[in-house]
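What follows is one structure encoded as structure tokens, with my remarks underneath.
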Amino acid sequence: MAKKATKGRCLLCNAIYTGSGMAKHLQSCLPKHIKNQQKNNKSKFRPFFHIMVKGAHAPDYWLHLKIASNAKLRNLDRFLRDIWLECCGHLSAFTSRGHELGMGRRVGDTLSPGMELLHQYDFGDTTELLVKALGEYEGLIKGNKSIEILARNDPPEILCDECGKALAVEICTECQWEESGWLCQSCAEAHECDEEMRLPVVNSPRTGVCGYTG
Ligand SMILES: [Zn+2]
Ligand SMILES: [Zn+2]
Ligand SMILES: [Zn+2]
Ligand SMILES: [Zn+2]
């Protein structure tokens, strides 16, 4: 797996940080950004949360999002499926300290700053995500959407398990059972396992799981 913490770009100001660095950065960048929006648009301001979502067991994958307080958990579930998770329509759930939360719940009635939820997708080969509320604001959210991306990790640099030199582009899901299977282009061509068992390396905590192809 990648050794250095993955970085990504703040879409508000283009600065580059790691996931936790970005959490700190956005605590000042976001209020500044909202101040600049204030001139004409205050009537269109909506309450929203700044949340960070990351792989519970794969923290190299992270997102910083704005989510409208009146959005439902279902909206966030759909968003996470689209950007990171959806392979074959598995079940998913949000829980808070072991209690399942209804998908119809509104974000504003569920979260408060500092609170953390667990999101699970697929109860067989589960991908677990942590959703943490970092702040509550009022401001514009782009278009009519209820969720806007503030920052996302760049793809982690994962080296080939066979040569240890080039970046992996494919995953052999047969070899994955033995904690290997990350393959660069040339090792993938020479690899002996069934080609049908290969998945592409994608920028998601679900890379290499089930039939996930991005
Ligand atoms: Zn910024
Ligand atoms: Zn699947
Ligand atoms: Zn290789
Ligand atoms: Zn293999």
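The values are calculated or read from the model by the stated rules, or taken from the named source; none is laboratory data. Fair warning: this is a prediction, and the values are worked out from it, not measured in the lab. Because the Cβ atoms are built from the backbone with ideal geometry, glycine has one as well, and the counts that use them run over all protein chains shown. Surface areas here come from the heavy atoms of the whole protein model, side chains and all, with no ligands, DNA or RNA. Shrake-Rupley method; radii C 1.70, N 1.55, O 1.52, S 1.80 Å.
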Extension gain, T126 back to E174 (0.36 nm per residue minus Cα-Cα distance, nm): 15.5 nm
Just to confirm my numbers, what's the Cα centroid distance between the stretch 1-66 and the stretch 139-199 in Å? 24 Å
For the chain, with all protein chains present and a 1.4 Å probe, just round the carbon and sulfur fraction of the accessible area to a whole percent. 48 percent
Surface accessible to a 1.4 Å probe, per residue, for the residues of the stretch 1-41, Å²: 67 Å²
Please say if the stretch 8-112 is rounded, prolate or oblate, where rounded means a/c under 1.5 for a ≥ b ≥ c the square roots of the C-alpha gyration tensor eigenvalues, and otherwise the choice is prolate for a/b larger than b/c and oblate otherwise? oblate
Nearest 500 deg cm²/dmol is fine: what mean residue ellipticity at 222 nm does the chain get from its DSSP H runs of n ≥ 4 alone, each adding -39,500 (n - 2.57), divided by its residue count? -5500 deg cm²/dmol
For a quick check of your reading of the filter: which GluC sites (Glu not before Pro) in the stretch 118-214 sit in a DSSP loop and have no more than 11 other Cβ atoms within 10 Å? E179, E192
Given the C-alpha atoms of the stretch 158-214, compute the convex hull and give its volume per residue in Å³. 74 Å³
Suppose every K and R has +1 on its Cβ and every D and E has -1 on its Cβ; what is the size of the dipole of the chain about the Cα centre, in Debye to the nearest 20? 2200 debye
Any lysines whose Cα falls less than 21 Å from that of K44, other than same-chain ones fewer than 8 residues away, would be K32, K35, K66, K72, K142, K145
Using the Cα atoms as the points, what is the convex hull volume per residue of the chain in Å³? 129 Å³
